[in-house]
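Visitor: Sharing a structure here in structure tokens format.
The values are calculated or read from the model by the stated rules, or taken from the named source; none is laboratory data. For clarity, every value in this text was computed on a predicted model and none was experimentally measured. Every residue, glycine as well, gets a Cβ built from its backbone with ideal geometry; the counts of neighbours run over all protein chains shown. The protein model used for the area step is the full one, side chains on, heavy atoms only, and it has no ligands, DNA or RNA in it. Shrake-Rupley method; radii C 1.70, N 1.55, O 1.52, S 1.80 Å.
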There are 2 protein chains.
Amino acid sequence: MTFSGTRIERLEVHDVRFPTATAGDGSDSINRADYSACYVELHTDGGPTGTGFTFTGGRGTEIVASAVKAFAHLVEGKSIEEIFANPVEFSRSIVQEPQIRWLGPEKGATHMAVGAIVNAVWDLRAKLEGKPMWRLLAEMDSAELAAQIDYRHIEDELTPAEAEAILDEGRTGYEDRLKVLQADGFPAYTTSVGWLGYSDEKVRALTEQAVADGWTAAKMKVGSPDVADDVRRAGIIRDVLGPDRLLMMDANQIWSVPEAIENMKHLAAFDPYWIEEPTHPDDILGHARIAKAVNPIRVATGEVAANRVIFKQLLQAEAIRVCQIDACRVGGIPEVLATLLMAAKRGVEVCPHSGGVGLCEYVQHLGMFEYLRIGKTLEGRMIEYVDHLHEHYTDPVTVVDGRYRLPTQPGYSVTLKDESIAEFSFPNGPAWNA
Amino acid sequence: MTFSGTRIERLEVHDVRFPTATAGDGSDSINRADYSACYVELHTDGGPTGTGFTFTGGRGTEIVASAVKAFAHLVEGKSIEEIFANPVEFSRSIVQEPQIRWLGPEKGATHMAVGAIVNAVWDLRAKLEGKPMWRLLAEMDSAELAAQIDYRHIEDELTPAEAEAILDEGRTGYEDRLKVLQADGFPAYTTSVGWLGYSDEKVRALTEQAVADGWTAAKMKVGSPDVADDVRRAGIIRDVLGPDRLLMMDANQIWSVPEAIENMKHLAAFDPYWIEEPTHPDDILGHARIAKAVNPIRVATGEVAANRVIFKQLLQAEAIRVCQIDACRVGGIPEVLATLLMAAKRGVEVCPHSGGVGLCEYVQHLGMFEYLRIGKTLEGRMIEYVDHLHEHYTDPVTVVDGRYRLPTQPGYSVTLKDESIAEFSFPNGPAWNA
């Protein structure tokens, strides 16, 4: 492996915000946000620019940007060879920075900053190797891949040898699975039909449109102050979907544990495939109680699970049957990899979190890699899809007939167009000074 | 209750850093920090200034400061009457700010910023009422106190009625307990004897000094790369302490779950009273396993527990026997109160986390209030003490013969001297430009 000595000369961070809050898109029981990116560029000495970002909600992007800046000196001046010669040491140099780790450890704004930076490093590597991220990961040597992970605090659940064994087994039938993706793409589902901010009429019309567009799985938001409103909207959506299409529900953390159990009794009539984020994301024991109570409805969570230790426990407690990794909430590719392997060991389905801005571009690679090299099945696999803001990316997702197509350009697909950065930079971009 | 209409006009935040890292004080298995405060002043229209802070580790203080600034508009312009007329609504307006909560929720830099702000609001109220914080809390009506708590996501463990009942019971014998504090003060222990950065000779000398100074409980850091080093140092300290004084051990999160269990087998010979932070602070199930394995040695944790939902689970899983609340890690007084009440319900001992800078000043009030009104016993109660940086406060702690004396000045005791703010402000203070 050679990267021609490419060295990271300068980290640049952009606060890019899209004014989505006023449009009412993306409203749920908790969030009303301007979809935003704390966007990182790693400029090199003549090589490509590595790009990564963390999804944020408008105000607050500057907090993550402040964290990225505090870490910049740990990546500037480093060569890609150096970083990948000892990837855990590199990750720890940021995650365990002795004066900053107190703000976590491994959670919140600082850990999201780590995710943006580490992903940008991986994007740079993928561009140097001329491979889309899914292919870089799927073709990598098992030992090298397993060596990316920091096993500290998860070794009671996953050892390096176990990780390597899973990845080795993932070579069996690889070419066949790749042909499936090349021919059919990867399953997706739509979250565009049932936001809380939409009227019943709009929900019905959007669900009808989704069915017409070929979607076989759709997700609605629940968690209205009165569960009767959720029940009514679930009735509309299920009516349009018919009995065979999947309906997922997402409570966005609003319920207490007893409320989740009680409310799902009312919503069970509409045959939900999963209930997502039924309660506080830190409540592992609560999720486990809910999972037992709502069985056979699946419990799904993960988009705000702070780190691999939280995922470890969700799996150990049998609290989730669907693992919804996010690409940039945790410390980037290596920590996602740890979670994918732990989920595989437990036989838990992986359905990455997406939507927002740029998340579809990110997680398509993770879902595809998981299928090709770890889980080896499309059973229960779907990637969330929202048709929103893709036009700002140089390599946007392609979704046809409800399926993601394989990305072909080198990198992690999250490079923003220069003109989009300029237009939506906060607070000085023209979009914020109309 | 009247506060003469006092209104918060302006929030000011200071990045105050003390250059402790180079001195080697405060070194442990993970942290090497410049003790710092993200310090908040709430300037009012003619009333006193409310002050609060979050403890930080040097670099990174600017990240919390950025979060404080992002929240400032939610407190500026509000009167103390307004805030306390609906305290949960006020807390939620910050904690659940719809564009910022994505960076948590309720964890990391943003939640620490909430802690600094909410504590400053409470400091302002205590100053307006002319009471030290312990007295303000201990004398407050049970219903009003119970109404400070946001029960969302903990109501499966603690209801408002249960909270109020515990606080009501806390009135019984109150005057007697107050007399005990007035006469004898509150028990403390010292953490100054056994930092990892110290030589064996220094450890022996400091332990001898601690015994001579009247300390009956001392804490050492463990988690050296080779457990033999911990064993050797434990031997020195136990030798000096003799069999009757308490020796606590603190691993600062370094071990995996199996390592913690294994290493404590070696250290059990020195009769540790508790093992603190044996593994990753998010690992509730791991703490529960360790607690079972090391019994009768107590497991203690809490200084970086992100919020009341983490504490709820640590208690539900019987993972801790010592609850080490921090004053400014979580969302200030109301969230600490929730944790104290949950601990009381489970019969778990409360020993607040302290040290750093300003933490002794903060937590003395919490320990005393817990004794007076919630736990009603000094059994197993001790507050950490480090004789460090107290000279920068206008109302520093008084510790005599290993016991904290009751604070008497109004407020939360964390107001920095103006000259200390000026001297140690980063990066422009003289201390950083020598």
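Visitor: Under 6 Å between Cβ atoms, at least 6 apart or on separate chains: pull out the pairs that start in segment B:78-89 with a residue that is assigned by TED's automatic domain parsing to the domain that holds B:TRP122 and end on any residue that is in a helix (DSSP H, G or I) and open to solvent by 10 Å² or more (accessible area, probe 1.4 Å).
Guide: Pairs found: B:ILE83/B:PHE90.
Visitor: How many residues, within segment B:34-54, are facing chain A (nearest Cβ under 9 Å) and not hydroxyl-bearing (Ser, Thr, Tyr)?
Guide: 1
Visitor: Identify all residues within segment A:304-325 that are in a loop (DSSP other than H, G, I, E, B) and open to solvent by less than 10 Å² (accessible area, probe 1.4 Å); write none if there are none.
Guide: Listed by number, the residues that qualify are A:VAL304, A:ALA305, A:ALA306, A:ASN307, A:ALA319, A:ILE320, A:GLN324, A:ILE325.
Visitor: Quick one: would you say B:ASP282 is modelled with pLDDT of 95 or more and open to solvent by 40 Å² or more (accessible area, probe 1.4 Å)?
Guide: It is false that B:ASP282 is modelled with pLDDT of 95 or more and open to solvent by 40 Å² or more (accessible area, probe 1.4 Å).
Visitor: Moving to a separate point now. Quick test of your reading of the structure: B:GLU106 fulfils all but one of (1) at negative phi; (2) of a type in the set (Asp, Glu); (3) at pLDDT 95 or above. Name the failing condition by number.
Guide: Result: B:GLU106 fails condition (1) only.
Visitor: Pairs please, first residue from segment B:104-125 and within 12 Å of B:VAL68 (Cα to Cα), second anywhere and part of a helix (DSSP H, G or I) and basic (Lys, Arg), Cβ atoms under 8 Å, 6+ apart in sequence or on different chains.
Guide: Pairs found: B:THR110/B:ARG101.
Visitor: Ok, one more. Does B:GLY46 fit the bill of being more than 24 Å from the chain's Cα centre (by Cα) and more than 15 Å from B:ILE117 (Cβ to Cβ)?
Guide: yes
Visitor: In segment B:213-224, is there at least one residue being within 22 Å of B:LEU359 (Cα to Cα), out of contact with any Phe, Trp or Tyr (no Cβ under 9 Å at 6 or more places or on another chain), within 14 Å of chain A (Cβ to nearest Cβ) and of a type in the set (D, E, K, R)?
Guide: No - not one qualifying residue is present in segment B:213-224.
Visitor: May I pose another question? Looking at segment A:144-163 only, could you name the residues that are more than 20 Å from the chain's Cα centre (by Cα), assigned to a helix (DSSP H, G or I) and under 23 Å from A:ILE94 (Cα atoms)?
Guide: Answer for segment A:144-163, where residues must be more than 20 Å from the chain's Cα centre (by Cα), assigned to a helix (DSSP H, G or I) and under 23 Å from A:ILE94 (Cα atoms): A:GLU144, A:ALA146, A:PRO160.
Visitor: Continuing with the same structure: Let me confirm something: among B:GLU164, B:GLU157, which residue is under 30 Å from A:ARG289 (Cβ atoms) and either touching a Ser or Thr at 6+ places or on another chain (Cβ under 9 Å) or among the β-branched types (Val, Ile, Thr) (or both)?
Guide: Going through B:GLU164, B:GLU157 in turn, just one is under 30 Å from A:ARG289 (Cβ atoms) and either touching a Ser or Thr at 6+ places or on another chain (Cβ under 9 Å) or among the β-branched types (Val, Ile, Thr) (or both): B:GLU164.
Visitor: Write out, first by first residue and then by second, each pair whose Cβ atoms fall under 7 Å of each other, whose residues are 6+ apart or on separate chains, and whose first residue, in segment B:306-317, is modelled with pLDDT under 95 while the second is of a type in the set (Asp, Glu) and not in a helix (DSSP H, G or I).
Guide: none
Visitor: A further question on this structure: Could you list, in sequence order, the residues of segment A:364-379 that are touching a strand residue (DSSP E or B) at 6+ places or on another chain (Cβ under 6 Å) and farther than 20 Å from A:THR172 by Cβ?
Guide: Once the filter is applied, which keeps residues that are touching a strand residue (DSSP E or B) at 6+ places or on another chain (Cβ under 6 Å) and farther than 20 Å from A:THR172 by Cβ, segment A:364-379 yields only A:GLN364.
Visitor: Where residues in segment A:382-430 are assigned to a helix (DSSP H, G or I) and open to solvent by less than 30 Å² (accessible area, probe 1.4 Å), which of them is farthest from A:GLY50 (Cα to Cα)?
Guide: A:HIS390
Visitor: When the residues of segment A:55-110 are narrowed to those that are facing chain B (nearest Cβ under 9 Å), hydrophobic (A, V, I, L, M, F, W, C) and not in a helix (DSSP H, G or I), which ends up most open to solvent (accessible area, probe 1.4 Å)?
Guide: The selected residue is A:PHE55.
Visitor: What's the number of the only condition in (1) over 12 Å from A:VAL414 (Cβ atoms); (2) not in a helix (DSSP H, G or I) that A:ILE374 fails to meet?
Guide: Every listed condition holds for A:ILE374 apart from (2).
Visitor: Scanning segment A:14-35 for residues that are surrounded by fewer than 24 Cβ atoms within 10 Å (Cβ to Cβ) and of a type in the set (A, V, I, L, M, F, W, C), which turns out modelled with the lowest pLDDT?
Guide: So the residue we want is A:ILE30.
Visitor: Follow-up question, since we're still on this one. Tell me, which residue of segment A:243-290 that is acidic (Asp, Glu) and in a loop (DSSP other than H, G, I, E, B) is farthest from the other protein chains (Cβ to nearest Cβ)?
Guide: A:ASP244
Visitor: Looking only at segment B:231-251, how many residues end up being of a type in the set (Asp, Glu) and touching a strand residue (DSSP E or B) at 6+ places or on another chain (Cβ under 8 Å)?
Guide: 1
Visitor: Restricting attention to segment A:36-54, which residues are modelled with pLDDT of 95 or more and open to solvent by 10 Å² or more (accessible area, probe 1.4 Å)?
Guide: Step one: of segment A:36-54, the residues modelled with pLDDT of 95 or more are A:36-44, A:48-54.
A:GLU41, A:HIS43, A:THR44, A:PRO48, A:THR49 - these are the residues of segment A:36-54 that are modelled with pLDDT of 95 or more and open to solvent by 10 Å² or more (accessible area, probe 1.4 Å).
Visitor: Then there is this: Limited to segment A:332-344, what total is found for residues that are open to solvent by 10 Å² or more (accessible area, probe 1.4 Å) and within 14 Å of chain B (Cβ to nearest Cβ)?
Guide: Final tally of qualifying residues: 1.
Visitor: Could you tell me how many of the residues in segment A:333-364 are under 10 Å from the mean Cα position of the chain (by Cα) and either farther than 16 Å from A:THR415 by Cα or outside any loop (DSSP other than H, G, I, E, B) (or both)?
Guide: 12
Visitor: Going through A:VAL203, A:VAL211 one at a time, which residue ends up being in contact (Cβ under 8 Å) with a residue 12 or more places away in the chain and open to solvent by 30 Å² or more (accessible area, probe 1.4 Å)? Show your work before the answer.
Guide: Working: A:VAL203 fails: open to solvent by 30 Å² or more (accessible area, probe 1.4 Å).
Exactly one residue qualifies, and that residue is A:VAL211.
Visitor: Which one of the conditions (1) more than 20 Å from the chain's Cα centre (by Cα); (2) assigned by TED's automatic domain parsing to the domain that holds B:GLY411 does B:ALA188 fail to meet, given that it meets all the rest?
Guide: (1)
Yes or no, residue by residue, for (1) modelled with pLDDT of 95 or more; (2) of a type in the set (Lys, Arg); (3) under 30 Å from A:GLU89 (Cβ atoms); (4) not assigned by TED's automatic domain parsing to the domain that holds A:LEU366:
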residue: A:GLU139; (1), (2), (3), (4): yes, no, yes, yes
residue: A:ASP213; (1), (2), (3), (4): no, no, no, no
residue: A:ARG238; (1), (2), (3), (4): yes, yes, no, no
residue: A:ASP244; (1), (2), (3), (4): yes, no, no, no
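Visitor: From the list A:ASP229, A:ASP239, A:ASP244, A:ASP271, which residue is at positive phi, more than 22 Å from the chain's Cα centre (by Cα), surrounded by fewer than 19 Cβ atoms within 10 Å (Cβ to Cβ) and not polar (S, T, N, Q)? Outline the logic, then answer.
Guide: Numbers: A:ASP229 fails: at positive phi; A:ASP239 fails: at positive phi; A:ASP244 fails: at positive phi.
On inspection, the qualifying residue turns out to be A:ASP271.
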